[in-house]
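Undergrad: I have a structure I would like to understand better, so I am pasting it below and will then ask my questions one at a time.
No lab work stands behind these numbers, since they all come straight from the coordinates. Quick caveat, the model's predicted, so the values are computed rather than measured. Positions of Cβ are backbone-derived with ideal geometry, glycine not excepted, and every protein chain shown enters the neighbour counts.
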There are 2 protein chains.
Amino acid sequence: MRPEVIVIGGGFGGINVVKGLKDVPVNITLADRHNYHLFQPLLYQVATAELAPEDIAAPLRGVLKRQKNVTVAMAEILGIDLKRKTVHVRMGERGYDYLVLATGVRPAYYGHDDYKAFAPGLKDLNDAVEIRRRILIAFEEAEFEADELSRQGKLTFVVVGGGPTGVELSGAIMETAARTLPKEFRHIDTRTARVILVQGGDRLLAGMPAVMGERAQRDLQAMGVEIRLNSLVTEVDEHGVKIGDERVAAENVIWAAGVHGQPLVETLGTELDRLGRVKVGPDLSIPGHPEAFVIGDAAQAIDANTGQPTPGVAQGAIQMGRLVAEIIQREVEGSGTGERPVFYYKDKGSMATIGRGKAVTTIGSRTLSGFLGWLAWGAVHMFFLVNFRSRVSVILEWFWNYLSGERRSRLIQGEPHGHVKEVRGIRMFEERLQDEV
Amino acid sequence: MRPEVIVIGGGFGGINVVKGLKDVPVNITLADRHNYHLFQPLLYQVATAELAPEDIAAPLRGVLKRQKNVTVAMAEILGIDLKRKTVHVRMGERGYDYLVLATGVRPAYYGHDDYKAFAPGLKDLNDAVEIRRRILIAFEEAEFEADELSRQGKLTFVVVGGGPTGVELSGAIMETAARTLPKEFRHIDTRTARVILVQGGDRLLAGMPAVMGERAQRDLQAMGVEIRLNSLVTEVDEHGVKIGDERVAAENVIWAAGVHGQPLVETLGTELDRLGRVKVGPDLSIPGHPEAFVIGDAAQAIDANTGQPTPGVAQGAIQMGRLVAEIIQREVEGSGTGERPVFYYKDKGSMATIGRGKAVTTIGSRTLSGFLGWLAWGAVHMFFLVNFRSRVSVILEWFWNYLSGERRSRLIQGEPHGHVKEVRGIRMFEERLQDEV
């Protein structure tokens, strides 16, 4: 009887466990709420209308169709019983010999869940499509808005959080306003749009070398992004935010200020850190449950070299996934010493784009910025995109955007007029009727 | 004072009026509920996961950014007053000198609006994304379904209506089941899926030459599509349909059986035909309102040559749009004889794809089918796609699909588990638990 391995979550961590077990005599079930693997590092480009959702999401069944020892199950996990070693889904209950939890994180509002409606986070495709809709609708509404103050509020974008997501989003929104849209509107100058990036600490990109944060700040400021360091957002509502003591009218707020583990891991009854991540042992298993692993953003995994927690980036998840696959393989095949290897995080560098032809990148001890940084950023992202066809499409889209500033994916999907906020003025229509009098 | 032209609807008809008025001294307002022009002939390829919505939808502002005499307004029209010559939107009321209604059609259920929930039609992008979701979810559910009959119901697709949309959809669904998916599932053979095409009349593609209908029928049957001619669907519910007297268990039904004008034109108080289209005069204006035109699918426009109504195809809308632009131009510039030109429909041919490398096409008096028909079909569609970047992307996608059968756009978007139907068996999970006993 082959051992049963259940992997929950088809992101970077989960997919690497599965692929690492390709030639191992196990039955794998990969369960995910969605039917696709999402290339999260480019999610911000969907939110800012440069790429289509289809460009960065590859159907899990397609990715794994040649690997015969895995069954993909599109399923929501209702519960996990670590003692009985079972996973509970709507279709029934299922026992496992090994369990790998790779459920990722969600946006954290630090006790202010009421912010969520006005300041969506960016963690999955639905978020990206919703943020795209809000950004595009803001310009559509501003075009008709007769009231000057109200129009300014519609054209003010606040990005909360100065990590890679916040930096990339604010750069891309500024580019959209300054480069893509100016010729498309008749009553507003989209270049007057304000993008405000709010960061609690004293520098951007706190997880990367200081020189990268400085460069990102300089480049963003040169593009016109306003950066508020050492600042906290203390209020968010329909019409704006409070940054420290200052009230800013802004109808578009995006929350990139932090993440928290998924509710599912809270039900395990194991120790979590303050970000809601499972504290795992050096072999990434849950203490007391050697057959149950947690990997990727869902885990607080201590790097055995540095004693520091592993950063929540794709590389961390990939490396954890590979180690867990190796551990399971050794045990199933009865090879190795019987002692499990422990997790070391190999920092392969970090990177963030800032705008057209601009990025900051560290690879090993080298730091690149500007155009070279951007080329390195592009090359690395291409390399890790799962799907060949997506690579061609994404390269074309980037090339096109680089030359023309065009963002082809500017769809406002869903029922557009169900969501539209009140437009207080009646700008265009009133103006013209007066003309005619 | 420049005359004000309001165009409602940014489809083939509306966009051609606007473009035809490029150099004419008028102020144009183009109003559409959505912010994009949709290339409807390829909508079925979004519904069947070959193309992304972004491939066939071009932002209206982008399409028209160089035309300075047009303002794009993303707006829902609340009312039209033909007497006062005003259009009412949420932002206010606006007077016009010329009005062009190009609002298209919606699926018609002939008094059976209760069918709609179980049998969506395919008219806009939201429909296409929803149909794609249903088709993909059907296979996901069947994979887990233990009950044989219930599984058959999930793997049975009924397409109601044998016009171009019905023919193209049923071919594409069959290809997905027989070519794209077989290697991706572990518990079901997707090639056992049934696709049933139901047509009320005695042949397919009733609007095209008889030889095309016959060829389409032969090609579809060779692919495994079951074709029911002279058959009516008399019942649709959650679990299936009644075709004539026969009850067929089918959880996936798509309605391509007919169309009806939009509710907006019903409020005009003018004469409509039985399809809810406005009966327009030879110059495409509403009788008694020479400054108000109706074009495209929304109009019942009689071809001055044949005395027959113009078919509801892209070419009809394009030609009507151009004529109306010409009429307005003449009057604004005071050129021409003072007598308005009348509408002649120039039939440039018709076409429908059937499957991989197979289509039926008539261009002028020539009929092409099979691979040649498909090449002609592809070339014509490329020519009319608005956006250069989309052309590259669509050609790549077709080429890729032709070679590999891959359909890259297989995303189940939205909250997937909010919609999932009950799965009665618990196939995989139960089976395996029993294995372990």
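Undergrad: When Lys and Arg each count +1 and Asp and Glu each count -1, what net charge do the other residues less than 12 Å away from residue B:271, Cβ to Cβ, add up to? Spell out each step's value before the answer.
TA: Values: positive: B:274, B:277, B:279; negative: B:266, B:273.
It works out to a net charge of +1.
Undergrad: Moving to a separate point now. If I model a spin label at residue A:230 and residue B:112 as a point 7 Å from the Cα along the Cα→Cβ vector, what separation in nanometres do I get?
TA: The two pseudo-label positions are separated by 7.1 nm.
Undergrad: Now for a separate question. For residue B:191, which inter-copy label distances result when the label point lies 7 Å beyond Cα on the Cα-to-Cβ vector, reported in nm to one decimal and in ascending order?
TA: Result for residue B:191, in nm, nearest copy first: 6.1.
Undergrad: What's the angle, to the nearest 10 degrees (0 to 90), between helix A:125-144's Cα axis and the longest principal axis of chain A?
TA: 0
Undergrad: Quick one: what are the phi-derived ³J(HN,Hα) couplings along region A:149-161, Karplus 6.51/-1.76/1.60 with θ = phi - 60°, whole Hz, x for glycine and proline?
TA: Coupling constants for region A:149-161: 5, 5, 5, 4, x, 5, 9, 10, 10, 10, 10, 9, x Hz.
Undergrad: Right, something else. Taking the DSSP beta bridges in region A:143-266 as the whole, what percent of them are antiparallel, to the nearest 5? Walk me through the numbers on the way to the answer.
TA: Numbers: 8 of 20 bridges.
Bridges in region A:143-266 that DSSP calls antiparallel: roughly 40 percent.
Undergrad: Which entries of B:116/B:242; B:154/B:242; B:65/B:348 have Cα-Cα distances beyond 18 Å here? Could you put the intermediate results ahead of the total?
TA: Numbers: B:116/B:242 15 Å; B:154/B:242 16 Å; B:65/B:348 29 Å.
In this structure, B:65/B:348 exceed 18 Å between Cα atoms.
Undergrad: A follow-up question, please. Please compute the contact order of region A:120-254 in relative form: average sequence separation of alpha-carbon pairs under 8 Å and at least six residues apart, divided by the residue count, as a percent. All intermediate terms of the calculation are to be shown ahead of the outcome.
TA: Numbers: 220 pairs, mean separation 39.0, N = 135.
It rounds to 29 percent for region A:120-254.
Undergrad: Here's a follow-up. If I model a spin label as a point 7 Å beyond the Cα along the Cα-Cβ vector, how far apart are those points for residue B:266 and residue B:403 in nm?
TA: Using points 7 Å along Cα→Cβ, the separation is 5.0 nm.
Undergrad: State the answer as a single residue: which of A:165, A:205, A:177 lies farthest towards the positive end of the charge dipole of region A:157-225, with beta carbon charges of +1 for Lys and Arg and -1 for Asp and Glu, about the Cα centre.
TA: Toward the positive end, the furthest listed residue is A:177.
Undergrad: Still on this structure, I have one more. Rounded if a/c is under 1.5, else prolate if a/b beats b/c, else oblate: with a ≥ b ≥ c from the C-alpha gyration tensor eigenvalues square-rooted, which is chain A?
TA: Working: a/c = 1.97, a/b = 1.85, b/c = 1.07.
Prolate is the answer for chain A, as a/c is 1.5 or above and a/b outweighs b/c.
Undergrad: Same structure again: Neighbour counts of other C-beta atoms within 10 Å: give me A:374, B:398 arranged from fewest to most. Present the calculation step by step, with values, prior to reporting the outcome.
TA: On the way: A:374 23, B:398 19.
Arranged by neighbour count, lowest to highest, A:374, B:398 become B:398, A:374.
Undergrad: Can you figure out the FRET efficiency of residue B:126 with residue A:221, using R₀ = 51 Å and their beta-carbon distance, to the nearest 0.05? Walk me through the numbers on the way to the answer.
TA: Working: r = 40 Å, r/R0 = 0.79.
Computed FRET efficiency for residue B:126 and residue A:221 comes out at 0.80.
Undergrad: Loop-only chymotrypsin sites (Phe, Trp or Tyr not before Pro) in region B:64-161, please: DSSP not H, G, I, E or B, and at most 15 other Cβ atoms within 10 Å. If you can, show how the numbers build up before the last one.
TA: On the way: sites: B:96, B:98, B:109, B:110, B:115, B:118, B:139, B:144, B:157; in loops: B:96, B:109, B:110, B:118.
For chymotrypsin sites (Phe, Trp or Tyr not before Pro) across region B:64-161 that sit outside H, G, I, E and B with at most 15 neighbouring Cβ atoms in 10 Å, the list reads B:110.
Undergrad: Pick from A:297, A:245, A:127: which residue has the top mean-square fluctuation in a GNM of chain A where Cα pairs under 10 Å get a spring?
TA: A:245
Undergrad: Around residue B:61, under 13 Å between beta carbons, what's the net of Lys plus Arg minus Asp minus Glu among the other residues? Write down the numbers at each step before the final one.
TA: On the way: positive: A:183, A:186, A:407, A:408, A:410, B:65, B:66, B:68; negative: A:140, A:143, A:184, A:406, B:32.
Summing Lys/Arg as +1 and Asp/Glu as -1 gives +3.
Undergrad: Right, something else. Net charge near residue B:172: determine it from the other residues with C-beta under 12 Å of the C-beta of residue B:172, scoring Lys and Arg +1 and Asp and Glu -1. The partial results should precede the final answer.
TA: Working: positive: B:132, B:179, B:356, B:358, B:407; negative: B:50, B:168, B:175.
Neighbourhood net charge equals +2.
Undergrad: Please report, for residue B:405, the nm distances (one decimal) from its label point, 7 Å out from Cα along the beta-carbon direction, to the equivalent points in the remaining copies, shortest first.
TA: 4.6
Undergrad: Using a cut-off of 12 Å between alpha-carbon atoms, which aspartates and glutamates can reach residue A:358, once sequence neighbours fewer than 8 places away in the same chain are excluded?
TA: A:168, A:175, A:219
Undergrad: While we're on this one: Go ahead and set up a Gaussian network model of chain B, Cα springs under 10 Å, then flag whichever of B:203, B:132, B:186 fluctuates most.
TA: B:186
Undergrad: Still on this structure, I have one more. By DSSP, what percent of the beta bridges with both residues in the protein assembly as shown are antiparallel, rounded to the nearest 5? It would help to have the intermediate numbers written out before the result.
TA: On the way: 68 of 132 bridges.
Looking only at bridges with both residues in the protein assembly as shown, the antiparallel portion is about 50 percent.
Undergrad: Taking the label point 7 Å from Cα in the Cβ direction, how far apart in nm is residue B:246 from each other copy of itself, listed shortest first?
TA: Spelled out, the distances from residue B:246's label point are 7.3 nm.
Undergrad: May I ask for the angle, rounded to the nearest 10°, between helix A:388-404 and the longest principal axis of chain A, with both axes built from Cα atoms and the value confined to 0 to 90°?
TA: 20
Undergrad: With +1 assigned to the C-beta of every Lys and Arg and -1 to the C-beta of every Asp and Glu, and no other charges, what is the dipole magnitude of region A:126-199 about the Cα centre in debye, to the nearest 20?
TA: Values: 10 positive and 12 negative charges, 34 e Å.
Dipole about the Cα centre, nearest 20: 160 debye.
Undergrad: Here is a follow-up. Can you give me the angle between helix A:370-384 and the longest principal axis of chain A, using Cα atoms only, in degrees from 0 to 90, rounded to the nearest 10?
TA: Tilt relative to chain A: about 40 degrees.
Undergrad: Report the closest approach of any chain B C-beta to the axis of the B-to-A rotation: residue and distance, in whole angstrom.
TA: So the chain B residue sitting closest to the axis is B:52, 2.
Undergrad: Which percent of Cα-Cα pairs in region B:322-383 sits in each 10 Å bin, short to long?
TA: P(r) for region B:322-383, in whole percents per bin: 21, 31, 16, 21, 11, 0.
Undergrad: With the contact rule set at Cα under 8 Å and sequence spacing of 6 or more, what percent relative contact order holds for region B:329-406?
TA: Details: 67 pairs, mean separation 13.0, N = 78.
Normalised by residue count, the contact order of region B:329-406 is 17 percent.
Undergrad: What distance in nm lies between label points placed 7 Å from Cα along the C-beta direction at residue B:88 and residue A:391?
TA: 5.8
Undergrad: Now a separate question. What do you get for GluC sites (Glu not before Pro) in region B:253-306 restricted to DSSP loop and a cutoff of at most 15 other Cβ within 10 Å of the site's Cβ?
TA: Values: sites: B:266, B:271, B:291; in loops: B:271.
Answer by residue number: B:271.
Undergrad: Send over the Kirkwood Rh of the protein assembly as shown, from the inverse of the averaged 1/r over different Cα pairs, rounded to one decimal Å. Kindly include the intermediate steps, with their values, before the conclusion.
TA: Working: mean 1/r = 0.0342 Å⁻¹.
Hydrodynamic radius (Kirkwood, Cα only) of the protein assembly as shown equals 29.2 Å.
Undergrad: Over region B:1-118, what is the relative contact order in percent, taking alpha-carbon pairs closer than 8 angstrom and at least six residues apart?
TA: Working: 179 pairs, mean separation 37.5, N = 118.
Relative contact order comes out at 32 percent.
Undergrad: Distance from the Cα centre of region A:89-114 to that of region B:307-344, in angstrom?
TA: 60
Undergrad: About the Cα centre of the protein assembly as shown, what is the dipole size in debye to 20, counting +1 per Lys and Arg Cβ and -1 per Asp and Glu Cβ, all else neutral?
TA: Working: 104 positive and 110 negative charges, 460 e Å.
So the magnitude is around 2200 debye.
Undergrad: So in chain A, what percent of DSSP beta bridges are antiparallel if you round to the nearest 5? Don't skip to the answer; put the middle values down first.
TA: Numbers: 34 of 66 bridges.
Looking only at bridges with both residues in chain A, the antiparallel portion is about 50 percent.
Undergrad: A further question on this structure: Need one word for region B:35-90: rounded, prolate or oblate. Basis is the Cα gyration tensor (sqrt eigenvalues a ≥ b ≥ c); a/c below 1.5 gives rounded, then a/b vs b/c decides.
TA: Numbers: a/c = 3.48, a/b = 1.80, b/c = 1.93.
Oblate shape, in that a/c is at least 1.5 and b/c is the bigger or equal ratio.
Undergrad: OK, next. Quick check for me: using +1 on Lys/Arg Cβ and -1 on Asp/Glu Cβ, what's the dipole size of region B:106-241 about its Cα centre, in debye to the nearest 20? Walk me through the numbers on the way to the answer.
TA: Details: 17 positive and 22 negative charges, 100 e Å.
Roughly 480 debye for region B:106-241.
Undergrad: I would also like to ask the following. Zone of residue A:81 (label point 7 Å along Cα→Cβ, backbone N under 19 Å): which residues in region A:238-277?
TA: Within reach of a label on residue A:81, which here means backbone N under 19 Å from a point 7 Å along Cα→Cβ, region A:238-277 contributes A:264-270.
Undergrad: Of B:326, B:246, B:168, which has the largest mean-square fluctuation in a 10 Å C-alpha GNM of chain B?
TA: Fluctuation is largest for B:246.
Undergrad: Hey, another quick one. Per residue of A:68-74, what is the mean number of Cβ atoms on other protein chains within 10 angstrom of that residue's Cβ? Walk me through the numbers on the way to the answer.
TA: Working: counts 2, 1, 1, 7, 5, 6, 11.
The per-residue average across the peptide is 5.
Undergrad: Can you give the calculated 222 nm mean residue ellipticity of chain A, where each DSSP H run of n ≥ 4 adds -39,500 (n - 2.57) and the sum is split over every residue, rounded to the nearest 500 deg cm²/dmol?
TA: Helix-only estimate at 222 nm: -10000 deg cm²/dmol.
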